[in-house]
């Protein structure tokens, strides 16, 4: 379909109809370039904190420049741009919000158009590499304003006295490590567009009300994590790529068309194409570029680990527990050059800060178990995207977190030294860790280390870590048939119930978390008595009703609700621990059962605003859909292989 406008099939709102208690994706309708440094989204109710947009709201507060990768981690380096009219612009969104008609809004990968009904003003946005271009049309007569307003952190502003450039900055970010973090913004207006006498600071917030001399104008905005001067340089570089609004939009549309044309859906039915291309759009949103180009044309980046500037690429906004399973594997298929640059950036986290990443927001926030970046590195090595001294450095970083605890729990494998000592992570020594997940993930990570060591010709390291990759066996309970937590004396945790969530299990129970041995499915089957017995065990998993106890969580969490909303037994396709389960059939010689269950599981996906069965998580669930629709799956990232069905 080379001449088809593939953007027309994308619903950027896919997955945005969500709330804290039930996720249809927990996604935002982002307008940005593929892997772009800045994203734009309507803010419909900022008081909802990370849930500041909802597709069914009929209120509108402005357009947010956002970097939010997940509502569970909140936004950083963000700012709200709001048009107002009249002599006295308001500071508080509760005073200046307006009605809008969401059914008339245009939200596309390359373009936003919104009508602010109260102010009879149209706002259009198109993205650039590190910012965007805005076009405003106010009704003639009343004073036109553009308000720059806070979303998180402390804000400062200044206006260049010799040019129509407004600078802003904020230090707002979450609980990640981000030394001396500041996000800088530069906004360039047409000559004479700013009324300097009327422009003033907002009274009750750290905002700025820019009085405009024109009722129809375009302006540019850019971002930097380095300096205000670099933000202006980024703006000028984007301007060279597209001089005006139509040119910028055409460039953005062309960039998306090129990305979306990389794959063709197996079905050309309208709804199937909408779901497929909406998912493919989401695969290309994260991780965000977090590097910039200096005056000499070289990539540089702010390092959250040190607060200093280093050469080379950097990417952020990804959690490897989620994205290593699917999204990075797909990117290595369809965007290998981007994937190689991303991996180089991830290795930079180790050289600059001492630890490979786990979950990068702007900096490391340490969410989720273990170090699935191991799988991304191993796959890059196997595919030839990573080699030489950079691969040697990556292996050094992998060995470091595989054997040493970090004094900061956000970094490395928590419980690593206990894992090395006991061959598993004991629950009595690490009561707050999900020790079954930690152990299984660590064993898989050890296998990934062996893969990299093999490629680098390090036979002794390879042998040691292939041995350690069998540590998953240490938690298998032959009596119950589940992986169970053990204490430091080798005793299983008492009072076991396979539908209890939490405790030794992350975002699930023993049902969802006992089969994650992607590097050795046959070995897992042998623990159950052989292939035939294990296939029957998988049948039982799908046949067991989706019952759950809240367990150590103490209350229902949204993942429980989402598993119960559809009946695929104990296969909770709403969350990553179950992603691989239906493909175990094919890996063990029963592809017809994989086909049966995948066809059923695909019915939980659509292009609708609630089109995902759970949190989409930075392209991971979207990539799962694409692989499933195409009839193959990366059961074991790091192997370079797929299972087909």
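No value in this document is a laboratory result; all are computed from the given coordinates. Since the structure is predicted, the reported quantities are computational estimates derived from the model, not experimental observations. In this analysis, Cβ positions are derived from the backbone assuming ideal geometry, glycine residues included, and neighbour counts consider all displayed protein chains.
Some values worked out for this structure:
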quantity	calculated
Packing-based order for 83-92, 568-577, 319-328, using average beta carbon neighbours within 10 Å, highest first	319-328, 568-577, 83-92
Inter-probe distance in nm under a simple model that places probes 7 Å from Cα toward Cβ, at residue 306 and residue 499	5.4 nm
Sorted by Cβ neighbour density within 10 Å, fewest at the top, the residues 294, 515	294, 515
Exposure proxy ranking, count of Cβ atoms within 10 Å, fewest first, for 365, 19, 279	19, 365, 279
Length added when fully stretched, residue 164-residue 565, from 0.36 nm per residue minus Cα-Cα	139.0 nm
Gyration tensor (alpha-carbon) shape descriptor, the range 270-644, a/c threshold 1.5	oblate
Pairwise label distance in nanometres, residue 213 with residue 421, each label 7 Å out on the Cα-Cβ vector	7.2 nm
12 Å cut-off, amide nitrogen to a point 7 angstrom out along residue 479 Cα→Cβ, residues in the range 423-443	none
Cα centroid of the range 501-551 to Cα centroid of the range 304-360, whole Å	31 Å
Label point distance in nm, residue 389-residue 19, each placed 7 Å from Cα along Cα→Cβ	5.6 nm
Shape of the range 25-130, Cα gyration tensor, a/c cut at 1.5	prolate
Residue 396-residue 543 FRET efficiency (beta carbon distance; Förster radius 56 Å; 0.05 resolution)	0.75
Computed helical MRE - 222 nm, the chain, DSSP H runs ≥ 4 contributing -39500 (n - 2.57), nearest 500	-9500 deg cm²/dmol
Packing-based order for 486-497, 249-260, using average beta carbon neighbours within 10 Å, highest first	249-260, 486-497
Model label zone, residue 241; criterion: amide N under 11 Å from point 7 Å along Cα-to-beta-carbon; scope the range 276-300	289, 293
Alpha-carbon centroid distance for the pair the range 231-278 / the range 82-96, whole angstrom	33 Å
Cα-based helix-to-principal-axis angle, 336-353 vs the chain, degrees rounded to 10	80 degrees
Net lengthening on full extension, residue 117/residue 432 (0.36 nm per residue, minus Cα-Cα)	108.4 nm
Segment residue 88-residue 532, extension gain: residue separation times 0.36 nm, minus the distance between their alpha carbons	152.4 nm
Residue order, fewest to most surrounding Cβ atoms within 10 angstrom, among 278, 639, 409	409, 639, 278
Overall form of the range 31-260 per C-alpha gyration tensor (a/c, 1.5; a/b vs b/c)	rounded
